[in-house]
Number of protein chains: 2
Amino acid sequence: MTVFNFSAGPSTLPSAALREAQDELVEYAGSGMSLIEMSHRGPEYTAVHEDAIALARTVFRVPDDFSVLFLQGGATLQFSMVPMNLLGAGRSGGYLMSGAWAKKALADARLYGETYMAWDGSASSFDHMPDPREISLQAATRYLHVTSNETIDGIQMFDWPDVGVPLIGDMSSDVMSRPIPWQLFDLVYAGAQKNLGPAGASIVFVRDSALESTNRDIGAYLRYDLHRDGNSLFNTPPVFSVWLIGKVLKLLADQGGLDAVEAAGRDKAALLYDAIDSSSGFYTSPVQVESRSLMNVVFRLPSEELETKFLGICADAQLHGLKGHRSVGGVRASIYNAMPLSGVEALVSVMSQFRAESG
Amino acid sequence: MTVFNFSAGPSTLPSAALREAQDELVEYAGSGMSLIEMSHRGPEYTAVHEDAIALARTVFRVPDDFSVLFLQGGATLQFSMVPMNLLGAGRSGGYLMSGAWAKKALADARLYGETYMAWDGSASSFDHMPDPREISLQAATRYLHVTSNETIDGIQMFDWPDVGVPLIGDMSSDVMSRPIPWQLFDLVYAGAQKNLGPAGASIVFVRDSALESTNRDIGAYLRYDLHRDGNSLFNTPPVFSVWLIGKVLKLLADQGGLDAVEAAGRDKAALLYDAIDSSSGFYTSPVQVESRSLMNVVFRLPSEELETKFLGICADAQLHGLKGHRSVGGVRASIYNAMPLSGVEALVSVMSQFRAESG
């Protein structure tokens, strides 16, 4: 029976990328060595590194005045690096409080500069993203931080705020699922372990002009300008992760790029939300329709007892990783790029059968 | 022809660990998934993670009052994290200026607290580690930072400073090559990509009592206490790297642990230094005898022309990664744990032949 992995991250990877990495893991390109044993300044890794950056530029249609960085520490380290580099005297950071991840980003930013909530979704239990007209900016705002997809609550931003200040985007859980409106952003960051590749790397896209006035009195690893100047080889990079990310990018480019993957993502999500909406209330989505995430589909059943039973039946059917985050409960199906339509179909089929048997 | 990889890091890995990872990469333990696709909170990765920590405790003979952490950002991020967490009002950091890596550690620490050089080896071009009696501590010293092995200059610390203040050790390039005198240390850190595993992870050993008074007004990723409290699962860990580190630790434990690897390391280094010393001055070591590194053996030839020719002949003989660091030139043979004696024998043989032909 085919196994489908609905984990929120680390999550399912394209099997072609995994198989290729397996083939090459012990001996890379006839060298007698593994790529992960080689100097990060040698010709083999340099080519892998440059290719991954070039592919990212192509796939994401990155404008020439942005740099692409591969860092470590996940999105969590970016929660600190963004304000460390960008805030300071007379420069405050506005944050959209959209859920658990935005909360973490703001908590760290508060330590490094003036910050404020430009919108707060907590009163409605984070069931939607803001209408841009509800966002209130203060004077001297350096950036507005947005979390484009909240993995835990299952909401996603579709109406990008064009509000006169540069956006900083945490796109950890929906990066590479759709085009990025670069003109609105100074910086976009994402942990790799959803759509992009294995855990252990993060990708940062940063507008070069934004690096002209960053703070320099911070530790070397924490400075975007040094990583940019060193082409992300300022210190030893996470070789394996960058290598795999390159493979995933190549596959995506070959399969039609962002437009194709966005269309496929919409189809998968539509199938699942339709199954919820047509269940006569047996399955319910806690999320407002216009903010429903195409990446993390969260839903509830009539009782926790039924949810537990449902998750057990899914596991028996080799549908794994469906338990909702411990902070919210319920069910969460993460349907990132590498989840095939057949995986969603299998889930919808189990949902339908379970409802019939429990109704 | 067998390939030997003398790179300073990333560097040669035990082939048994690589082959095992290859076998398991696409399908882990009959799960139908790769380990790197699985949730870091699921049972499979949890077991891998716990095993790696337990093995590290055993192999390194870590005392009960130390915690073992797996982080990201390499030693470079530790250059910031150490002073961020440990310095502050009335607590200064003494640094042994032993070479290029100590210099980087101190440069970052200066941004986060009072620091000073407790010894400076620059006048003698970093050709030796200090005699502990030459170290001068100032009042209110929170820690003395030592770099146990300077990869670029090829010097190693054998006389650990027992000077009445806790040591912080950057052991990136000689960790797991010999026992650590825990009683002297509050914290030891190391990038993984030498003896321990692939790039993308660092290991930190920290005395629990040292975490009682760390600074808490720093970003979440940068706090040792949070990583300790979360057992290094506070955020998504570098799954692949930890998995491989576990395999390398297991192999080392099975092969006799630190004592066996230390003895083997001494034999390998002795062979190479003997070849230098018995070359009637054709090969010369710039390092004082008592500080000669057992990990990175640096040497010079009579001219840069001969060095270039020698490196070409080594490459033809499938001996790779021998070029000295760009800042110092010459030749550097990194002979970490996974370099077999036969690799050093092959190098010594080429050295002997080259000298005979060039003499």
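In terms of surrounding Cβ atoms within a 10 Å radius of their Cβ, A:L244, A:L18 rank from fewest to most as A:L18, A:L244. Along each principal axis, taking the top coordinate minus the bottom one, the Cα set of chain B gives 62, 59, 31 Å in descending order. Nearest 5 is fine: what % of DSSP beta bridges in the protein assembly as shown come out antiparallel, could you say? Among the beta bridges of the protein assembly as shown, antiparallel pairing accounts for roughly 50 percent. Estimated from the Cβ-Cβ distance and a Förster radius of 56 angstrom, the FRET efficiency linking B:E134 and A:L137 is about 0.45. Distances between equivalent label points of A:P179 across the copies, with each point positioned 7 Å along Cα→Cβ, amount to 6.5 nm, shortest listed first. Beta-bridge orientation, chain B: approximately 50 percent antiparallel, per DSSP, counting only bridges with both partners inside. For a modelled paramagnetic label at B:L233, 7 Å from Cα along Cα-to-Cβ, the residues of region A:321-359 in reach, with backbone nitrogen under 13 Å, are A:326.
Using Cα springs under 10 Å in a Gaussian network model of chain B, which residue among B:I53, B:I135, B:I155 shows the largest mean-square fluctuation? Answer for the Gaussian network model of chain B: B:I135.
A straight Cα-to-Cα reach below 15 Å connects A:K268 with the aspartates and glutamates A:D174, A:D259, A:D277, A:E345, residues fewer than 8 places away in its own chain not being considered.
Taking A:P238, A:P63, A:P130 as the candidate residues, the one with maximal mean-square fluctuation in a Gaussian network model of chain A, Cα springs under 10 Å, is A:P63. Under the combined filter of DSSP loop state and at most 12 neighbouring Cβ atoms within 10 Å, region A:14-111 retains these trypsin sites (Lys or Arg not before Pro): A:R61.
Computed from phi, the 3J(HN,Hα) profile of region B:78-92 under the Karplus parametrisation 6.51, -1.76, 1.60 (θ = phi - 60°) reads 5, 4, 8, 5, 4, x, 4, 7, 10, 8, x, 3, x, 9, 10 Hz, with x in place of Gly and Pro.
Among the trypsin sites (Lys or Arg not before Pro) in region A:258-359, those placed in a DSSP loop whose Cβ has at most 16 other Cβ atoms within 10 Å are A:R326. Determine which lysines satisfy two conditions relative to B:K103: a Cα distance under 26 Å, and not lying fewer than 8 residues away in the same chain. Once the sequence-local lysines are set aside, what remains near B:K103 is B:K194, B:K323.
Starting from the label point of A:S327 at 7 Å along Cα→Cβ, the same points in the other copies fall at 4.1 nm, in ascending order. Under the convention that each Lys and Arg Cβ holds +1 and each Asp and Glu Cβ holds -1, the size of the dipole of the protein assembly as shown around its Cα centre is about 540 debye. Largest mean-square fluctuation among A:G343, A:G154, A:G73, in a Gaussian network model of chain A whose springs join Cα atoms under 10 Å apart, belongs to A:G73.
Position B:E305: other-copy label points at 9.1 nm, ordered by increasing distance, label point 7 Å along Cα→C-beta. Once the C-beta distance of A:A356 and B:L306 is scaled by a Förster radius of 60 Å, the resulting FRET efficiency is 0.15 to the nearest 0.05.
Put in order of Cβ neighbour count within 10 Å, fewest first, the listed residues B:W182, B:W119 become B:W182, B:W119. Return a whole-number percent for the relative contact order of chain B, with Cα pairs under 8 Å and 6 or more residues apart as the contact set. Relative contact order for chain B comes out at 23 percent.
Amide H to amide H, with H built 1.01 Å from N, A:Y28 comes under 5 Å of A:M33, A:S34, A:L35, counting only residues 5 or more places away or on other chains.
For B:H145, the residues whose modelled amide H falls within less than 5 Å of its own, excluding neighbours fewer than 5 places apart on the same chain, are B:G94, B:Y95, B:L96, B:I168. Calculate the length of the line joining the C-alpha centroid of region B:152-230 to that of region A:82-159, in whole Å. Cα centres, region B:152-230 to region A:82-159: 35 Å. Couplings 3J(HN,Hα) of region B:158-165, computed from phi: 10, 9, 5, x, 9, 10, x, 10 Hz, in residue order, whole Hz [Karplus 6.51 cos²θ - 1.76 cosθ + 1.60, θ = phi - 60°; x for Gly and Pro].
The translational diffusion coefficient of region B:85-142, from Stokes-Einstein at 20 °C and 1.002 mPa s with a Kirkwood hydrodynamic radius over alpha carbon pairs, comes to 181 µm²/s.
Listed values for region B:193-199 are Karplus-derived 3J(HN,Hα) couplings in whole Hz (6.51 cos²θ - 1.76 cosθ + 1.60, θ = phi - 60°), namely 7, 10, 7, 9, x, x, 4, and x replaces Gly and Pro. From the Cα gyration tensor of region A:252-359, with a ≥ b ≥ c the square roots of its eigenvalues, which class applies: rounded if a/c is under 1.5, or else prolate if a/b is larger than b/c, or else oblate? The shape class here is prolate. Measuring nothing but alpha carbons in the protein assembly as shown and taking Rh as the Kirkwood radius, the Rg to Rh ratio lands at 0.99. In the protein assembly as shown, taking the dipole from charged Cβ atoms about the Cα centre, the farthest positive-side position among B:A54, A:F240, B:Y221 is held by B:Y221.
The order of B:S67, B:S172, A:S241, going from fewest to most other C-beta atoms within 10 Å of their C-beta, is B:S67, B:S172, A:S241.
Using C-alpha pairs below 8 Å separated by at least 6 residues, the relative contact order for region A:256-358 is 30 percent.
Of the trypsin sites (Lys or Arg not before Pro) found in region B:153-220, those in coil by DSSP whose Cβ has at most 11 other Cβ atoms within 10 Å are B:R216.
Every number in this text was worked out from the coordinates using simple rules, so none of it is lab data. In this text the structure is predicted, and so the values were computed from the model without any measurement. Glycine also receives a Cβ, built like all others from the backbone with ideal geometry; neighbour counts cover every protein chain displayed.
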